[in-house]
Each structure stands twice: as structure tokens, then as C-alpha cells.
Amino acid sequence: MRSFLFLAVILAATGCSRDKKTQDGLPPAQEWKADETGAMVQTGKGSAQPAPPPGMQNPKGGGHGAPNDPHAGLGIDPVDPHAGMGGGGAHGGSPDVGQMGLPAPDPNRPIDPTRYVKGVIKIHEKAKGRAKAGIPVFIVVKRADASGAPTGPALAVEKLTWNNTDITFELTEKQAMVGGTELTGDVVVTARYDQDGDALSKEPGDIVGNARVKLPADNVQIWLDTIL
């Protein structure tokens, strides 16, 4: 009988010690184990680690984002060097006039069919080996100053694609960049083979050509003959 009472006291003391550790936030010893680094971690229901913020998961473990991606979790294409920088207008890579404090053209405005410039873009022999198919070509119309150089904001912009052959173009007030633009008068039409596809930037290897005309104008020839 005395042995039985002694055993009961030992068991009760062990239970109290276990309950106290649990209440104090220290799980029993059997609920701990060493991980692969040798550190002691808790097992059971409390072992789940909190999920990392979106975009910060390890890509090798099937999470989102990419190694060394400074845009991880921001919803930005890491391959795009211009992502998150703005400058993407309605013409794809052309400036956003709203950010420049200029009124955007009314999409429902009437278009005067007598205000236009039409022509063809050709590449000069000296630049032919530099051009590759699939690269954007921007066509920009600006006012001509007294010396014949382009000046002021773009009146109209169009974006085409180079396919290793002559390409025809037509710009009207439908391609106007600013509200109230009139495609009339003495202008310079510039074409640029643009490697990065951004009308706001230039880089070595871009190929440029231009022509000065009075609008309306047909059969305009622009030679891509100047390599930047």
C-alpha cells in the first residue's frame, strides 16, 4: 500500500511539472527535436513556419518571383528593363502626354482625311547589316524650325516593326499625341529603328532617317542611313 501511494505521488508531480511548462509556453521535451542544422525545433501542431510575404518565396521551392529579381512581389515583369518606370503611352513606348501636363486627344474627335503624311521607309546599304527583323521602328512628326530641324513636341507618332524590307506608313491626326493637334504645315518626319522599343530613349546601334515635307504629303521616302 505504501509503495502504491509513493508511485501515485511521483506521477502527480510529473503531471504538474508537464502542465506548468506547457502553461509557461515551454512544450514538453518529447515535443522537441533537432533539425538538419542541429538546432532544436518544436514538433507537432506548433511547428509550421509562418508563410513568407508574397514574392519572397524561394523560387527553387516552387514559390513566386525569380532569383535576384529586384521587382519580386511587385507585379512587374523582371525581364522588362523599363518596367515600373512609366512612359508607356497609347502607342506602345511613346510618351504619356498626361504626365507631361498636356491634354490627351479626344478619342471621339472627327479625323480630317486631308491631313496626313504617307510614304515608305527604306534602309541604306551602309546600315543594312545592322538591322534585324522584329525590331520596332518609330515614326515621329514634328514641326520644322527655320533651319529645317525638328522642334517642339511630337505632333503624331506611329510604331511599326522592321521586317528586313521596305515598310509603308501613313500618319493622320488619328496618331496625334496631344489634343487639338493639327497635322498641317512644314514638318520633319523622323523614322528610328529602335532597339529597346522605347521612343523616349536612344542607344548606340539605333538607325535614324528623316525627311522634311509640307503637309499633306504623299510618296515620302525616309532612308534609315544614320547609325547612332
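Hey, can you grab everything whose amide H is under 5 Å from the amide H of Gly205? Only 5+ residues off in sequence or another chain; H modelled, so Pro and N-termini drop out.
Leu228
Go through the range 206-215 residue by residue and turn each phi into a ³J(HN,Hα) via Karplus (6.51, -1.76, 1.60, θ = phi - 60°); whole Hz please, and just put x for glycine and proline.
Each residue's phi maps through the Karplus curve to give 5, 10, 10, x, 8, 8, 9, 9, 10, 7 Hz.
Would you please name the chymotrypsin sites (Phe, Trp or Tyr not before Pro) within the range 118-209 that are DSSP coil residues with at most 15 other C-beta atoms within 10 Å of their C-beta?
none
In vacuum, with every alpha carbon of the range 116-227 counted as one equal point scatterer, what does the Debye formula give for log10 I(q)/I(0) at q = 0.09 Å⁻¹? Two decimals, please.
Taken in order of the listed q values, log10 I(q)/I(0) reads -0.21.
If you bin every alpha carbon distance in the range 120-162 into 10 Å steps from zero, what whole percent lands in each bin?
Pairs per bin, as whole percents: 23, 39, 33, 5.
Where does the charge balance sit around Ala144 when Lys and Arg score +1, Asp and Glu -1, over other residues with C-beta under 13 Å from its C-beta?
Around Ala144, the surrounding residues sum to +2.
Go through the range 128-228 and name the GluC sites (Glu not before Pro) that are in a DSSP coil and have 13 or fewer other Cβ atoms within 10 Å of their Cβ.
Glu182
Using 0.36 nm per residue of separation minus the Cα-Cα distance, give me the extension gain between Ile111 and Glu182 in nm, one decimal.
Full extension from Ile111 to Glu182 adds 24.6 nm.
Can you tally the net charge around Val213? Count Lys and Arg as +1, Asp and Glu as -1, for every other residue whose Cβ sits under 11 Å from the Cβ of Val213.
+1
All of the numbers you see were taken from the coordinates with simple rules; none came from a lab. Quick caveat, the model's predicted, so the values are computed rather than measured. Reconstructed Cβ throughout: ideal geometry from the backbone, glycine too, with neighbour counts over all protein chains shown.
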